[in-house]
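Comments concern the structure below.
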């Protein structure tokens, strides 16, 4: 778990002057402008400082030389280890995980702020399927791998976009604003083989102008790359129907104690509760 916030983030979210500036920074147009700079060759001078600050081991990645900062930020790993056990749920990304129960009123609480699944998806009918289910929240930090994977085999819907602003997703922001229903986001309905109908939501963040999903509707496979985020830390949310998965005990215990669990893309984080029923079929 990471408790320390940068001086800049604390200034933006904890001071009156910072919150005034924040009103301008969260505008997606600002992120678009920043994105254009980070995609150009003049931005590559930032890479070495960023690598040093966040202690990133470039030997783990396919390329160690980059033509822009964003080219560095979306770098690919040489190897992502995937747990291939069919009834094990894998993490779709590197990051910090918390798991929440979706209550009968279709709401769940993060950092003392109540969230509505209907508002998250902008779709009350779809949200109704997840009453009493589970919400997995993966927060990606700046040093994390920013590519993400499919959690199982299956068939997916098209990508649905919900427009919004672009708050930071650090805990200090989550404790003050309902960031996951205010931020720009995309979601996909995943009809999976082992975990039923899962909704995966990618949430943008401060100075993250782009969520890049590779596919529209069609077939997908466990461990296949689904997409990536351009610059900044961001968030992935998975919604599961009731009695589908049981998270690992340490993840449940950590969440109850307001601690995020560090996870890696492809590793086991839960098991399929429906396994016995499937074995009987």
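The values are calculated or read from the model by the stated rules, or taken from the named source; none is laboratory data. Not measured: the values here are computed from a predicted model. Glycine also receives a Cβ, built like all others from the backbone with ideal geometry; neighbour counts cover every protein chain displayed.
Those strands (runs of 3 or more DSSP E) of the stretch 39-158 in which at least 3 residues are touching a helix residue (DSSP H, G or I) at 6+ places or on another chain (Cβ under 9 Å), considering only elements entirely within it, cover 95-101, 107-110, 113-116, 134-139.
For the stretch 261-281, residues that are modelled with pLDDT under 95 and either within 17 Å of residue 135 (Cα to Cα) or outside any helix (DSSP H, G or I) (or both) total 3.
Only one of 109, 29, 44, 36 is modelled with pLDDT under 90 and more than 24 Å from residue 227 (Cα to Cα). Can you tell me which? Step through it out loud before you land on a result.
Details: 29 fails: more than 24 Å from residue 227 (Cα to Cα); 44 fails: more than 24 Å from residue 227 (Cα to Cα); 36 fails: more than 24 Å from residue 227 (Cα to Cα).
Answer to the selection: 109.
Reported count of residues in the stretch 213-260, each being under 17 Å from residue 108 (Cβ atoms), assigned to a strand (DSSP E or B) and within 16 Å of the chain's Cα centre (by Cα), is 6.
One line per residue, one yes/no per condition, for (1) under 17 Å from the mean Cα position of the chain (by Cα); (2) without any contact (Cβ under 8 Å) to a residue 24 or more places away in the chain; (3) surrounded by fewer than 22 Cβ atoms within 10 Å (Cβ to Cβ); (4) farther than 13 Å from residue 199 by Cβ:
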residue: 90; (1), (2), (3), (4): yes, no, no, yes
residue: 94; (1), (2), (3), (4): yes, no, no, yes
residue: 100; (1), (2), (3), (4): yes, no, yes, yes
residue: 117; (1), (2), (3), (4): yes, no, no, no
residue: 122; (1), (2), (3), (4): no, no, yes, no
residue: 128; (1), (2), (3), (4): no, yes, yes, no
residue: 135; (1), (2), (3), (4): yes, no, no, no
residue: 138; (1), (2), (3), (4): yes, no, no, yes
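Condition first: farther than 29 Å from residue 268 by Cα and at pLDDT 90 or above. Now tell me which residues in the stretch 56-67 satisfy that. The answer is 66, 67.
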